[in-house]
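The values are calculated or read from the model by the stated rules, or taken from the named source; none is laboratory data. None of the values given here were measured: they were computed from a predicted structure. Glycine also receives a Cβ, built like all others from the backbone with ideal geometry; neighbour counts cover every protein chain displayed. Protein only, heavy atoms only, side chains kept; ligands, DNA and RNA dropped before computing areas. Shrake-Rupley method; radii C 1.70, N 1.55, O 1.52, S 1.80 Å.
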Amino acid sequence: MAFNRRQFIQASSLALCASAMPLRAKASRMQTPLPIPPLLESHHGQPLFLTLQRVHWAFMGNHKASVWGINGMYLGPTVRVHNGDDIKLIYSNRLPEPVAMTISGLQLPGSLIGGAQRMMSPNVNWSPVLPIRQGAATCWYHASTPNRMAPHIYNGLAGLWLVEDKVSKALPLPQHYGVNDFPLIIQDRRFDRFARPEYNPPSQGGFVGDTLLVNGVQTPYVEVSRGWVRLRLLNASNSRRYIMQLSNGQPLNVIASDQGFLPAPVAVQNLSLAPGERREVLIDMSKGEEVTLNTGEVAGIIDRLRALFEPSNLLVSNQVLTLRPTGLLPLVTDNLPMRLLADHLLDGSASCTRDFRLGGNVAGINGTVWAMNRIDGQTQQGTWERWNIHADTPQAFHIQGVKFLIKRVNGVPPMAEDRGWKDTVWVDGDVELLVYFNQSTSEHFPFIYYSQTLELADRGSAGQLMVQPAQ
């Protein structure tokens, strides 16, 4: 590329600033051991405690920043429950402002799912008993505070919630948490020169950072045994979508989506991960070669230097996680299972069709912004509906308390990895969903559907649905 005189002078001036490059750019050249969130389980009916509080966390090196977290750390522990359990959960808000929490992906009645109607003031607890009645799935719990969901999740109020069942325990899959089964909470953030997170939401659209974090650190690595490795991916970013691929060109074997296992593994070279979406993938490490999971485009040196003076949407580093195999022989010799679940058989037809238009520059759904005292639709428990979603600006869309199948994406069938049960979908144009309402609500505790561009949701891109109990 040729530079004219003015561009050369500008580039030379930027280069003089290289010694002042921020910590995030310097940290991108180093690798950090992957932090594994502690595993929190209920034993013999003991309650699970989740305390929301101020914490200090080193995102880069030893430079600790004051942020929010759960149980004393940035982000929260991984909660693991089993189908058939009744879980006593105790949220304690020790933060200086009201917070609401929810568990995206968990199939619960409206009165137990949390959200706006379950706001916790400072120094107040909420203690629901949650009946776990669904198949194995990777869900996530997070802040859902009205008009404050984006900054609260950005501050650190999020964590993984795993459901296991007899099928998941019997399948020949990696199941040793933190050894061959790893949680990866992926976020983009923006930092000041002292490695403190900054949050300046734009007046339109959603927030995008320039630094990629996984479980709260940049460019992590993990040592693994030779054999199959399982990654549970969660996109907890405010609005950024990721396209994942492996550095050596080998495939990612997708085994599960938001609401559980796919019928069979799907091998892909590139895997989309929208905000709020979860995927489970298997990676074959039996050859003993180091491999890195990457995402998207990375900023060059000039882009990094320019970022000193103006915000950049390009990532300083696109490395998600480096896997370093150890040992001489594979410790896991099972072949990739050919089947995971039976094919999805639909029992019933859609009772009605609903159309939704998601705003882009102007927040709202169908031209209306969210209001807590307004119910936007009603349906019946145990029924199916066809939902047609259109987005003026590409964004993810989530429906609380339900599960759905994607029928069409811009008029054609979905990709194979998107044919399982889901609760979150990327909308770039038009998407047709077949939605099943397994749980009921009441007028005071409706389900909420909303844009997963969290700033749009906070500005009103959300609606409320009441599901009448089955007769």
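Between V217, V179, which is open to solvent by 40 Å² or more (accessible area, probe 1.4 Å) and among the hydrophobic types (A, V, I, L, M, F, W, C)? Reasoning before the result, please.
Values: V217 fails: open to solvent by 40 Å² or more (accessible area, probe 1.4 Å).
Within the list V217, V179, the selection yields V179.
Here G276 passes the criteria (1) in contact with a His (Cβ under 6 Å, 6 or more places away or on another chain); (2) at pLDDT below 95; (3) not aliphatic (A, V, I, L, M) except the one numbered (2).
Tell me which residues, restricted to the stretch 175-210, are among the polar types (S, T, N, Q) and under 18 Å from G156 (Cβ atoms).
To start, the set of residues in the stretch 175-210 that are among the polar types (S, T, N, Q) comprises 175, 180, 187, 200, 203-204.
Hits for the stretch 175-210 are Q187, N200.
One line per residue, one yes/no per condition, for (1) closer than 24 Å to V320 by Cα; (2) assigned to a loop (DSSP other than H, G, I, E, B); (3) open to solvent by less than 60 Å² (accessible area, probe 1.4 Å); (4) modelled with pLDDT of 95 or more:
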| residue | (1), (2), (3), (4) |
| --- | --- |
| L40 | no, no, yes, yes |
| H44 | no, yes, no, no |
| Q53 | no, no, yes, yes |
| K64 | yes, no, no, no |
| W68 | yes, no, yes, yes |
| Y74 | yes, no, yes, yes |
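Checking each residue in the stretch 190-201 for being surrounded by fewer than 21 Cβ atoms within 10 Å (Cβ to Cβ) and either within 21 Å of the chain's Cα centre (by Cα) or modelled with pLDDT of 95 or more (or both) picks out R190, E198, Y199, N200, P201. Look at the stretch 173-197: where a residue is within 23 Å of R240 (Cβ to Cβ) and a partner is open to solvent by 30 Å² or more (accessible area, probe 1.4 Å) and part of a loop (DSSP other than H, G, I, E, B), sitting 6+ places away or on another chain with Cβ atoms under 6 Å, you get D188/R240. Could you say whether any residue in the stretch 224-235 is of a type in the set (S, T, N, Q), in contact (Cβ under 8 Å) with a residue 60 or more places away in the chain, assigned to a loop (DSSP other than H, G, I, E, B) and farther than 18 Å from T453 by Cα? No, the conditions are met nowhere in the stretch 224-235. Within the stretch 81-138, the set of residues being β-branched (V, I, T) and either under 18 Å from Q400 (Cβ atoms) or modelled with pLDDT under 95 (or both) comprises V99, T102, I103, I113, I132, T138. When L112 is tested against (1) touching a His at 6+ places or on another chain (Cβ under 8 Å); (2) outside any strand (DSSP E or B); (3) within 19 Å of F49 (Cα to Cα), only condition (1) is not met.
Scanning the stretch 441-458 for residues that are among the charged types (D, E, K, R) and either assigned to a loop (DSSP other than H, G, I, E, B) or buried (at least 24 other Cβ atoms within 10 Å of the Cβ) (or both) turns up E443, D458.
In this structure, P98 does not satisfy being in contact with an Asp or Glu (Cβ under 9 Å, 6 or more places away or on another chain) and not β-branched (V, I, T).
Based on what the data block shows, is A396 at negative phi and either touching a Gly at 6+ places or on another chain (Cβ under 9 Å) or polar (S, T, N, Q) (or both)? Break it down stepwise before answering.
Values: at negative phi: yes; either touching a Gly at 6+ places or on another chain (Cβ under 9 Å) or polar (S, T, N, Q) (or both): yes.
So A396 fits the description; yes.
State whether one or more residues within the stretch 130-145 are closer than 26 Å to L262 by Cα, of a type in the set (F, W, Y) and in a strand (DSSP E or B). Checking the stretch 130-145: at least one residue is closer than 26 Å to L262 by Cα, of a type in the set (F, W, Y) and in a strand (DSSP E or B). G110 falls short on exactly one of the conditions (1) over 30 Å from W228 (Cβ atoms); (2) over 22 Å from the mean Cα position of the chain (by Cα); (3) not charged (D, E, K, R), and that condition is (2).
Table: residues versus (1) under 25 Å from Q468 (Cα atoms); (2) exposed (fewer than 15 other Cβ atoms within 10 Å of the Cβ); (3) not small (G, A, S).
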site: H82; (1), (2), (3): no, no, yes
site: L89; (1), (2), (3): no, no, yes
site: P96; (1), (2), (3): no, yes, yes
site: T102; (1), (2), (3): yes, no, yes
site: Q107; (1), (2), (3): yes, no, yes
site: A116; (1), (2), (3): yes, no, no
site: I132; (1), (2), (3): yes, no, yes
site: A136; (1), (2), (3): no, no, no
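For G156, the conditions (1) open to solvent by 30 Å² or more (accessible area, probe 1.4 Å); (2) closer than 22 Å to Y242 by Cβ; (3) at pLDDT 95 or above are fulfilled apart from (1).
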